[in-house]
Every structure is written in C-alpha cells, then in structure tokens.
Amino acid sequence: MGDLLVFVLSGLVSGALYALLATGLVLSYSASGLFNFAHGATAYLCALTFYEMHSGLGWPAVPAALLVVCVLAPGLGWGLDRLMFRRLARVGETAQIVATIGLLVALPAAGLWAVELLGDAGAPVKPAENQFGLPGVGPSPARSWQLLDGVGVDSDQLITWVVTAVVAVGLWVLMRHTRLGLRLRAAVDNRSLTELRGISADRLSSVAWMISSGLAGLAGVLATPLLGLSAHDFTLFLFVSATAAVIGRFASVPLAFAGGLGLGVLQNLVAGYASFAEGITGFRTAVPFLILFAGLLLPARRGRTAGTAAQDGEAGAGAVPVDHGARPAWGRRWGPWAAAAVLLGVAFYTVTTPFWSGLLAQGLALGLVFMSFTVVTGLGAMVSLAQGTFVTGAALVAGPLMSRGWPFVAALAVGTCVAAVLGALVALPALRLGGRALALATLALAFLADQVLFQMRWLRNGDSGWSIPRPVFGPVDLGDDRALGVALVVLVALCAAGLSALRNSPSGRAMLAVRSAPAAAMASGVSVLRTKLLLFTVSAGLAGFGGVLVASYNTRITATDFTAMTGLVWLAVVVAAGVRRPQYAVVAGVVFAVAPRVLADYVTQSAHLPVILFGLAGLALANDPDGYCAAVAVRRARRRTAASGGGGTADAGAGASASGGGTAASGTAASGAGASASGGGAGPVGLSRTPGRRTPAEPGAPGAGGGPALELRGVTAGYDGGLVLNGVDLAVGRGEALVVLGPNGAGKSTVCRVAAGALAAGSGQVLLRGRDVTRDGPVRRSRDGVLLAPEGRGIFPALTVEENLALYLRGADARGAVYDRFPRLAERRAVAAGSLSGGEQQMLALAPLLQRPPEVLIADEPSMGLAPRVVEEVYALLTELRDAGSALLLVEEKAAGILGVADTVAYLSRGRVTWCGPRAEVEADRLAAAYLGRAT
C-alpha cells in the first residue's frame with residue numbers, strides 16, 4: 001500500500017505539470033485553430049529565465065517566478081499572436097504545423113544564445129545548457145515531511161500541487177462564471193460566428209495565447225527541479241502533455257486537465273508495476289506515446305452540430321494554391337537547374353577545396369532525404385514527423401549487412417526496402433487521421449522507435465553503432481569527397497526527374513486529386529487509402545535511400561544520429577524553402593549543410609545562431625505558405641497579372657467567365673432594369689413602392705427622410721481568384737424586406753457574407769446608412785447594427801440556451817422576456833444548443849433579436865431544413881422584426897413562403913441581379929426564367 005501511495009503522489013507531480021501544459025494547448029488551439037508545437041519551448045524559455053534571474057542574478061525565487069509567469073510568458077504569447085499566429089490561422093495546416101515546429105527549434109536556442117551573450121558582456125549569469133538538480137520556487141534544498149511510513153512529500157511537490165489546484169479553480173471560475181470565459185468558449189465553438197456577433201476573435205485569441213503562455217511559463221518554473229534545464233526533456237514533456245490534450249479532444253479544458261493528472265499517475269504505476277516490460281528497453285518512458293497514438297486513433301465522438309454543413313459552401317474552402325512553378329515550359333523550368341547541376345559537378349574538380357567539397361556532398365545527400373518531404377507533404381499534403389525514423393532504420397539495417405560482407409548496393413537496396421515497409425506500417429493505422437492528428441501520430445511512432453525499437457542491442461550495436469564505408473566502383477572511389485559529390489549530383493538529378501515524372505503520371509494525378517478533394521477523387525474511382533499508402537511508402541523509401549547515403553558520407557551510423565527531433569528540424573528547413581518541388585528540397589539540403597559553417601566563419605562561433613535561423617525560417621510561412629523558392633514564382637505571376645491589367649490573381653478571368661460570362665444582361669443593364677421595374681426613379685434599386693406597405697419614402701415610416709439602411713453598389717467578390725459576384729447592386733431601407741431569390745450556386749450566400757463583412761468585396765461599395773463601410777470587417781459592422789444569421793442556424797452548439805442568449809442579451813430581464821415568449825426555450829435553458837431540434841435552433845437564433853432589433857438583419861436560408869409549421873413561425877418572427885423597423889435582407893432558394901414577407905424581390909443568377917422589383921410584380925414565368933438563368 002505504501003508503494004502504491006508513493007507512486008500515486010509522485011505521479012501527481014508530473015501529472016500536474018502535464019495538466020498545466022495540456023490546458024494551455026487546448027486554450028490556444030480552441031481560440032485560434034493552431035496546435036502549438038512550441039508550447040514546451042515556451043516552458044523551457046521561462047524556466048531558463050527563472051533560473052538565471054534566481055540563481056544567476058540573485059533575485060528572490062518568488063518575485064522572479066511571478067515576473068516570469070505573470071509578465072514574460074503572457075507578453076511572449078501576446079507578441080507571437082500579433083506577429084505570427086493570427087496570420088498563420090489564415091494559411092494551410094501544413095504551414096501552421098511547420099511554423100510552430102520552427103519556433104520549437106528557435107526559442108530554446110534563442111534563450112541559450114542570449115545567456116551566452118550576457119555572459120560575454122560580463123553579466124553574472126550561470127551555464128544553462130543541460131543543467132540538473134536546480135532549485136525551484138520553494139526552499140533550497142527542499143524540505144521533506146513524512147506522511148506515512150515510507151511515504152514522504154517535499155516542498156517542491158507540495159507547491160506544485162497547491163499551485164495547480166489554485167490554477168484549476170481559477171480557470172473554472174474564468175471559463176464558467178465570467179463574460180470573458182463565455183466569449184472564449186463561444187470562439188472555441190464557432191470563431192466566425194463570434195465575429196458576426198460583434199466580438200473580436202483576434203482579441204480573444206490574444207487573451208487565449210496570453211493565458212496559454214502563462215500556463216506554459218508556470219509549468220516551466222514548477223518543473224525546473226524535476227527536469228532541470230534540458231530543451232529536449234521539455235519538448236518530450238510537451239508531447240506527453242499533448243496526450244492529455246487529445247483526451248480532451250482539443251476542446252475540453254476540464255477533460256484535458258484531468259487527463260494530465262491521470263497520465264502522470266498511470267506513467268508511474270506502469271514504471272512501478274509493469275514487470276512484463278522489464279526486458280523491453282525504454283518501454284516505460286514510451287508509455288505516454290503509446291497512449292497518445294491510441295487516443296488519436298480512437299474515433300472522435302460526433303455530437304450534433306448545427307450550422308456547419310454549408311456555411312462555407314461557396315467559399316471553396318480547402319482549395320490547393322496555384323502552383324505557379326508548374327506553368328513555364330519545360331526548358332524554362334528545368335534549364336536553370338540543369339545548368340546549376342553541371343556547374344556544381346565541374347566545381348568539385350576545379351574551385352572547391354576538399355573541405356567545401358565534403359560540405360556540398362553532405363548537403364546533396366541530405367537533399368535526397370529532404371525530397372521525401374516533397375512526396376508526402378508536397379504531393380500528399382500530409383505532415384509526417386517520422387522521416388528521421390526511416391533514415392535511421394534504413395541505415396541501421398544496411399550497417400550490419402555491410403559488416404557481414406554484403407556489397408554496398410545490395411545493402412542500400414535492402415535498407416531502402418526496409419524503410420519503405422516501415423513507412424507502410426506507420427501509415428496503415430495513421431492514414432485515417434489528417435492534419436495535426438496525423439503529425440502527432442507519426443511523431444508518437446517516431447518517439448517509440450527512438451526509445452524502444454532502436455534501443456535493441458542487436459540493431460544498434462551499442463554506442464559505437466555500425467561502420468558504413470563508402471563504396472568503390474571499379475576505378476571510381478567514392479571515398480574521395482569530389483567523386484562522391486559528382487555521384488550525388490547525378491543521383492539527385494535522377495531522383496528529381498523521377499519525382500517530376502511521378503507527378504505528371506496517372507498515379508501522380510491521382511495523388512493531386514486526393515490532396516485537393518478526397519471525396520471527388522473517390523467518386524472518380526481513385527482509392528484514397530491506396531494512394532495515401534503509396535505516398536507514405538515512396539516517401540519512407542526515399543528517406544531511407546538518402547539516409548544510407550548520408551550515413552555513408554559520415555562512414556558510421558548510431559541509433560542517436562538522426563532522432564525524431566532531428567526530423568522536426570529537417571521539416572522546418574525543407575518546407576521553409578519549398579516543399580512542392582524536388583529542386584527546392586535540394587536547395588534546402590545544401591543550405592542546411594553549408595549555412596552553419598558560413599555563419600561560424602563570418603558572423604559568430606556560437607552554435608545557437610544557425611539553429612535560430614533554421615527555426616525562424618518557418619515564420620515566413622505566414623506570408624509565403626509555399627516557401628521561399630516558390631514565393632519567387634508567385635511574385636512573378638502577380639507582377640504579370642498586374643502588368644496585364646488583371647484585377648486579382650491570374651485565375652480571376654477564368655473564374656469571372658465561368659461565373660458570369662454567359663449572362664445576357666450586364667450588371668449595369670440588370671440594375672437599370674430593376675430600377676425601372678421598381679418605379680423608375682433615381683432611388684436605389686430595391687426600395688419598395690408596394691401599395692399597402694409602409695416604405696421608407698412614406699411619411700411616418702420608420703425610415704422616412706433617410707436613404708437605404710444597407711446598399712451594395714457594383715459589388716464584385718469571389719474566392720481564390722474566381723469571381724462569384726459580378727457587379728451586384730441592391731438596397732434595402734428600414735422597415736423593408738428585400739428577398740433575394742436564385743438557384744443554388746447563384747451567389748446568394750456570397751451576397752450575405754459581403755454585406756456582413758465576412759468576405760471582402762473585390763470592387764464596388766457597401767454603404768450603411770449612407771456611410772461607406774466597404775473596408776470594415778464583420779466585428780465593426782456588427783457593432784454598427786448589421787447582424788447575419790448564417791445558413792444553417794446562427795447558434796453556438798456547445799453553449800447552453802442560456803449562454804447563447806447571454807452573448808446577445810446581457811440583461812436577465814431581456815432573457816426572461818425571451819423565455820416568456822418562447823416557453824420551449826425556457827424549458828431547455830440548461831441544454832446545449834446543438835441538441836435542440838432544427839426549429840428550436842432557429843428560434844434561438846432569432847428570438848433575442850425581438851428584444852434588441854438590429855439595424856439590418858441578413859438571413860441566409862432561414863427556412864433550410866425546417867418543417868412547414870416551423871417555417872411559418874420563422875417567417876412570422878421576420879415579419880415582426882421588419883415591422884419593428886429593421887431592414888431585412890433575406891436570401892432563399894425556395895420562393896413560395898418567403899414572398900409573403902417580401903416588399904421587394906431580386907433575382908440573382910450567375911452572380912448578377914437579373915431582375916429586381918416590387919413583390920406584386922413577380923410573375924411565375926419571370927421566376928422560372930430567373931431560376932433557369934434565362935432572364936433578360
């Protein structure tokens with residue numbers, strides 16, 4: 001019993017630290033959509049700062065800890081959010097993963113370099129790298145107390161438990177009993193809808209990153225006595241805590257916190273009682289990674305989520321950026337690279353010294369390894385963090401074969417095949433995942449290989465490893481760096497040509513189809529699973545092939561030469577250079593080999609600066625997601641487009657033609673027709689003159705004496721360079737309902753998003769009460785009175801009914817009035833909104849507006865998916881809002897019911913207004929013609 005209690009108590013110490021880190025991961029991910037691989041690096045940087053302030057500069061422990069946790073760490077989170085994370089949230093997930101991995105590499109090196117510079121300047125700092133047995137916040141040495149016979153606790157453990165408990169209570173109060181916590185949870189649930197409700201998601205993101213970094217800093221300070229100052233150990237600590245974040249499904253702070261505590265205890269219990277694992281080296285330390293992998297594979301429980309199916313249906317979300325590097329003719333694309341290869345081959349025997357010949361040869365060998373990222377990430381859009389494992393596995397297989405007399409080529413072939421098989425084995429269980437989950441799964445397997453597989457004595461051959469001599473082919477001795485360099489130039493050229501041929505082959509086109517649209521590829525007969533498995537297998541084999549050659553350059557391989565952490569640095573470097581072309585991978589390999597020596601010769605002897613630069617290279621992905629090399633082609637394409645007078649990207653013309661080129665009436669003509677039909681006056685299109693209805697032009701009407709509440713003038717807009725709207729003119733006044741009808745794909749939802757500020761207009765103007773708000777975003781427009789009820793319900797599914805109402809109605813009396821009007825909502829006020837019926841959800845979205853009517857309500861398909869009786873109730877609510885003075889811009893695909901609410905009707909087809917006029921003038925023939933795209 002005493003042993004069990006010891007294991008539980010000591011496990012709760014590491015579990016408390018896991019819980020703090022996991023909570024920070026969940027908060028930052030939920031608020032911004034970014035999984036921060038650099039979270040552990042933030043903890044390490046804070047621990048390093050605390051150590052130097054306390055032990056080096058002599059500050060008292062508690063003030064130093066408070067300064068680090070309450071000032072430095074939140075300031076770091078705020079600065080990274082403003083400089084990097086906000087922009088990263090708008091790029092692809094691959095760039096997000098790599099950029100934060102770059103920070104993981106750069107932050108510890110930056111801290112150590114700063115300590116080194118301070119020491120050179122005479123500051124009383126202490127050596128900081130890989131220091132252990134350090135003092136914490138409490139007394140030094142730590143005080144101990146005996147709880148039971150053989151069961152003790154020291155002051156560092158006690159402080160960790162108390163502080164973690166206080167933080168847990170504080171987080172619970174913040175998230176559940178403050179308005180800031182409610183807004184944070186709303187942003188977690190639906191970031192875009194939060195902005196449409198006038199809440200700045202960017203500010204919430206900054207707050208979340210500050211809290212997250214503060215928690216990381218707190219974990220770092222508390223972990224100093226336990227982990228010392230080892231960047232590697234802090235990084236491992238992060239990935240163990242990621243297991244707790246997975247338990248919380250990256251969304252639940254309480255589950256992540258509890259998962260961290262449980263994980264620490266479980267890890268200790270396995271270490272103490274798993275006698276079956278005594279013969280497996282490294283098994284006990286690998287337990288968290290087994291749990292991480294299993295947790296990722298468990299299918300996420302899918303709850304009922306409202307309003308997500310079609311919100312971005314017209315956005316073209318997930319479209320792959322245009323590869324401008326593929327457009328030039330073959331000679332222009334390959335000519336410069338071929339010339340560079342020839343010049344490099346000649347340089348090996350003319351101008352380079354033996355030293356530089358060796359560095360260049362090493363860079364070319366690494367270029368072969370880096371090409372494996374071109375396959376799995378460039379072609380497949382999957383992030384594999386196990387490439388270092390494939391390199392080490394292939395070399396550790398080739399080494400013993402060559403020691404038994406196998407020829408180099410045969411050993412190379414077997415090592416390559418083993419790496420390919422290992423890649424397939426890694427891929428099979430992980431391929432059902434994607435994005436960050438796939439990256440974490442491959443990283444978990446890489447750590448398992450490092451700590452278990454590569455620790456087997458027969459494979460690693462002790463600390464000395466295996467000798468891998470360079471081959472001799474007849475008179476060609478590759479022991480000469482010059483000969484090896486020329487041979488590698490030829491191999492690199494052949495591999496680059498082979499990958500380009502693969503890209504242009506039917507298999508390559510299938511790979512690109514799977515990358516762009518897996519569902520469409522599957523519908524076309526392409527096996528998504530088989531294609532992804534092929535990508536992983538080819539990538540792993542190529543990494544193994546390059547790995548044997550890198551080991552041959554070094555003439556030896558050990559189990560620690562290329563760890564999982566090495567693979568993280570490689571990924572940051574190659575993606576920063578450009579991952580979609582094999583040529584860019586070669587550039588990355590050469591730079592990775594040569595840059596440290598150049599910096600040492602001409603800048604500084606510090607080994608930290610090259611690491612910082614390689615890590616910070618990932619920051620550029622926020623601006624150039626395809627990398628430095630590809631950015632050159634992108635900028636050239638933009639300059640060509642600008643010179644030719646294009647209005648956007650090179651593809652805009654094609655998009656415009658497809659979306660509107662076949663319409664008989666131009667935007668201007670359609671507007672003119674609409675004006676004539678609605679009264680022929682000079683007023684804006686859409687203002688009603690319908691008899692029997694109050695209009696803004698009549699005395700006593702809500703909008704009398706003013707212009708339109710909302711007006712769109714000549715608006716164009718689209719997605720990814722393709723135009724959807726082509727000169728739309730619409731206007732709606734206070735107390736008026738303008739209904740926009742049209743077939744699916746006509747651009748109706750795009751009109752709503754442009755009007756609400758969720759999508760920027762390419763040209764034209766958006767006016768609110770006569771004021772130009774074209775450049776205002778959704779937060780500013782919402783605060784000015786424009787509210788969008790998006791397609792598929794405008795609610796926060798994970799929040800309760802009461803919390804959804806509280807976001808819009810702060811006063812309890814106003815919420816009480818809603819409950820009086822809608823008793824069904826009162827009965828379910830404590831129920832998550834996502835579990836309501838479709839009709840109840842739409843009631844919840846619209847009901848609070850009756851208490852605080854917006855200036856302009858934009859409703860996108862308000863009747864979608866509702867029963868006829870519920871549709872009538874929704875239309876009655878809309879009528880009340882119109883009579884209360886709100887301007888209504890309503891978009892519907894079904895015309896029958898909504899016409900009873902309408903004052904004015906506009907037909908939209910192919911992104912143009914083809915007719916606009918009073919409801920009384922709507923004719924069945926004209927309606928049918930508009931839906932079929934034949935209106936004139």
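In region 712-739, the qualifying residues are those that are surrounded by 24 or more Cβ atoms within 10 Å (Cβ to Cβ) and among the acidic types (Asp, Glu), and the one that is nearest to residue 907 (Cα to Cα) is 729. If you go through region 122-140 and keep only what is exposed (fewer than 12 other Cβ atoms within 10 Å of the Cβ) and not in a loop (DSSP other than H, G, I, E, B), you end up with nothing. Might you let me know whether region 347-364 holds any residue that is closer than 27 Å to residue 506 by Cα and assigned by TED's automatic domain parsing to the domain that holds residue 589? Looking through region 347-364, none of the residues is closer than 27 Å to residue 506 by Cα and assigned by TED's automatic domain parsing to the domain that holds residue 589.
Number of residues in region 486-513 that are modelled with pLDDT of 90 or more and either hydroxyl-bearing (Ser, Thr, Tyr) or over 37 Å from the mean Cα position of the chain (by Cα) (or both): the value is 3. Determine whether residue 246 is outside the structural domain of residue 451 (by TED's automatic domain parsing), more than 18 Å from residue 436 (Cβ to Cβ), modelled with pLDDT of 80 or more and part of a helix (DSSP H, G or I). Taking the combined requirement at face value, the residue does not satisfy it. Restricting region 164-194 to residues that are β-branched (Val, Ile, Thr) and crowded, with 19+ Cβ neighbours inside 10 Å leaves a set whose member that is farthest from residue 799 (Cα to Cα) is 164. Residue 42 meets all of the listed conditions (1) at pLDDT 90 or above; (2) more than 16 Å from residue 215 (Cα to Cα) but one, namely (2).
The numbered conditions (1) under 22 Å from residue 197 (Cβ atoms); (2) touching a residue at least 40 places away in the same chain (Cβ under 8 Å) are all true for residue 780 except (2). For region 457-481, filtering for residues that are closer than 27 Å to residue 491 by Cβ, part of a loop (DSSP other than H, G, I, E, B) and among the charged types (D, E, K, R) leaves 2. For region 202-214, name all the residues that are within 15 Å of residue 181 (Cβ to Cβ) and among the hydrophobic types (A, V, I, L, M, F, W, C). Selection gives 204, 207, 208, 210, 211. Counting the residues of region 475-501 that are surrounded by 16 or more Cβ atoms within 10 Å (Cβ to Cβ) and either under 16 Å from residue 584 (Cα atoms) or touching a Leu at 6+ places or on another chain (Cβ under 8 Å) (or both) gives 13.
Might you let me know whether region 577-585 holds any residue that is of a type in the set (Val, Ile, Thr), in contact (Cβ under 8 Å) with a residue 24 or more places away in the chain and out of contact with any Phe, Trp or Tyr (no Cβ under 6 Å at 6 or more places or on another chain)? No, region 577-585 contains no residue that is of a type in the set (Val, Ile, Thr), in contact (Cβ under 8 Å) with a residue 24 or more places away in the chain and out of contact with any Phe, Trp or Tyr (no Cβ under 6 Å at 6 or more places or on another chain). When each of 526, 476 is tested for being more than 34 Å from the chain's Cα centre (by Cα), modelled with pLDDT under 85 and either more than 20 Å from residue 583 (Cβ to Cβ) or of a type in the set (Gly, Ala, Ser) (or both), the lone residue that passes is 476.
Is it true that some residue in region 556-573 is among the aliphatic types (A, V, I, L, M), in the same structural domain as residue 412 (by TED's automatic domain parsing), free of Cβ contacts under 8 Å to residues at least 60 places away in the same chain and in contact with a helix residue (DSSP H, G or I) (Cβ under 9 Å, 6 or more places away or on another chain)? No - not one qualifying residue is present in region 556-573. Of the residues 236, 261, which is buried (at least 19 other Cβ atoms within 10 Å of the Cβ), aliphatic (A, V, I, L, M), over 30 Å from residue 757 (Cα atoms) and modelled with pLDDT of 85 or more? The unique qualifying residue is 261. Given the condition among the β-branched types (Val, Ile, Thr) and within 30 Å of residue 342 (Cβ to Cβ), answer yes or no: does some residue in region 428-445 qualify? Within region 428-445, none of the residues are among the β-branched types (Val, Ile, Thr) and within 30 Å of residue 342 (Cβ to Cβ). List the residue pairs whose Cβ atoms are under 8 Å apart, where the first residue sits in region 343-371 and is under 14 Å from residue 492 (Cβ atoms), the second is among the hydroxyl-bearing types (Ser, Thr, Tyr) and in a loop (DSSP other than H, G, I, E, B), and the two are 6 or more positions apart or on different chains. Close Cβ pairs satisfying both conditions: 360/352. Taking the listed residues 503, 509, 436, 515, the one that is of a type outside the set (A, V, I, L, M, F, W, C), closer than 30 Å to residue 287 by Cα and assigned to a helix (DSSP H, G or I) is 436, with no other qualifying.
Residue count for region 151-197 under the criterion of being closer than 20 Å to residue 252 by Cα and in a helix (DSSP H, G or I): the result is 29.
When each of 895, 906, 876 is tested for being at pLDDT 80 or above and not in a helix (DSSP H, G or I), the lone residue that passes is 906.
Let's see how each residue does on (1) touching a Pro at 6+ places or on another chain (Cβ under 7 Å); (2) at pLDDT 85 or above; (3) among the aliphatic types (A, V, I, L, M):
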{"site": "51", "(1), (2), (3)": "no, yes, no"}
{"site": "72", "(1), (2), (3)": "no, yes, yes"}
{"site": "82", "(1), (2), (3)": "no, yes, no"}
{"site": "93", "(1), (2), (3)": "no, no, no"}
{"site": "110", "(1), (2), (3)": "no, yes, yes"}
{"site": "119", "(1), (2), (3)": "no, yes, no"}
{"site": "162", "(1), (2), (3)": "no, yes, yes"}
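Filtering region 829-838 to residues that are touching a helix residue (DSSP H, G or I) at 6+ places or on another chain (Cβ under 7 Å) and surrounded by fewer than 18 Cβ atoms within 10 Å (Cβ to Cβ) leaves 829, 830, 831. Among the residues making up region 740-765, those that are surrounded by fewer than 24 Cβ atoms within 10 Å (Cβ to Cβ) and in a strand (DSSP E or B) are 763, 764, 765. Taking each residue of region 53-69 that is in the same structural domain as residue 210 (by TED's automatic domain parsing) and looking for partners that are aromatic (Phe, Trp, Tyr) and modelled with pLDDT of 95 or more with beta-carbon atoms closer than 8 Å, six or more apart or interchain, yields nothing. For region 580-627, the tally of residues that are at pLDDT 85 or above and under 30 Å from residue 509 (Cα atoms) stands at 9. Consider residue 730 carefully, then state whether it is among the aliphatic types (A, V, I, L, M), more than 35 Å from the chain's Cα centre (by Cα), part of a strand (DSSP E or B) and modelled with pLDDT of 75 or more. Criteria met by residue 730. Number of residues in region 507-554 that are β-branched (Val, Ile, Thr), under 17 Å from residue 363 (Cβ atoms) and either surrounded by fewer than 16 Cβ atoms within 10 Å (Cβ to Cβ) or touching an Asp or Glu at 6+ places or on another chain (Cβ under 9 Å) (or both): the value is 1. On the stretch given as region 536-557, residues that are over 30 Å from the mean Cα position of the chain (by Cα), part of a helix (DSSP H, G or I) and not small (Gly, Ala, Ser) total 6.
On the given criteria, is residue 839 outside any strand (DSSP E or B), out of contact with any Phe, Trp or Tyr (no Cβ under 9 Å at 6 or more places or on another chain) and not assigned by TED's automatic domain parsing to the domain that holds residue 723? In short, yes.
The values are calculated or read from the model by the stated rules, or taken from the named source; none is laboratory data. Given the structure is predicted, the values throughout are model-derived calculations rather than measurements. Note that we place each Cβ from the backbone using ideal geometry, even for glycine, and neighbour counts take in every protein chain shown.
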